[in-house]
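Only the coordinates and a few stated rules stand behind these numbers; no lab work does. None of these values were measured; they are calculated from a predicted model. Positions of Cβ are backbone-derived with ideal geometry, glycine not excepted, and every protein chain shown enters the neighbour counts.
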Amino acid sequence: MSQPYAPEPWNRRNLTGFAVATALGAALLGASYLGVSSEVQLKDQVPLLDLGIAGLLVATAGGVGWLAAGIKAVRVRKAAAVTLVRSRFGSVEVAGPAGPGEGFVAAARLTRYHRLGCSLVAGKDVSAATLAEHSTAGRRPCGVCAA
């Protein structure tokens, strides 16, 4: 398994497996090409074409394995990051989209407006206003609650 904070999601084993499968696939495909190009009869070319298809399958399997290992490593890193954030900040709820009639809130000195449930304004003295009023005050939407 890759280390949680390694610069790339693949370890040496993944890269070696990918390189070997790609090289083997390319060698089989090259041998198939050379063999087919020297044969005139289709019946003599078919086994060599099968060899080429096998080469493509080997190279594809190596690439799929390499990508699967990368996806797995990214999932592990994502889970570790979420756990770290939750341990430091607790459970943070993201506000959903505002429905009709729901307003946006901001405090007097804030430069962004937020949805009412946004964790960035929790516990602050805020007041509701319309989008037009926030725009007039020069406020931009919050990037966390996607106001």
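Sorted on the mean count of surrounding Cβ atoms within 10 Å across their residues, most packed first, peptides 71-81, 19-29 read 19-29, 71-81.
By how many nm would the segment from A81 to A108 lengthen if fully extended, with 0.36 nm per residue of separation less the alpha-carbon distance? Spell out each step's value before the answer.
Numbers: separation 27, 0.36 × 27 = 9.72 nm, distance 3.34 nm.
Net length gain for the segment: 6.4 nm.
Taking the Cα centre of the chain as the origin and placing charges on Cβ (Lys, Arg +1; Asp, Glu -1), which of G117, Q45, P9 is farthest toward the positive end of the dipole? After comparing all options, I get G117.
Relative contact order of the stretch 12-89: 39 percent, from C-alpha pairs under 8 Å at least 6 residues apart in sequence.
Taking each residue as 0.36 nm, the span from A26 to L67 lengthens on full extension beyond its C-alpha to C-alpha distance by 12.9 nm. Here the ratio of the Cα radius of gyration of the chain to 2.2 N^0.38 Å is 1.94. Plainly put, the stretch 12-89 has a radius of gyration that is 1.36 times its Kirkwood radius, both from alpha-carbon atoms, as the Rg/Rh ratio.
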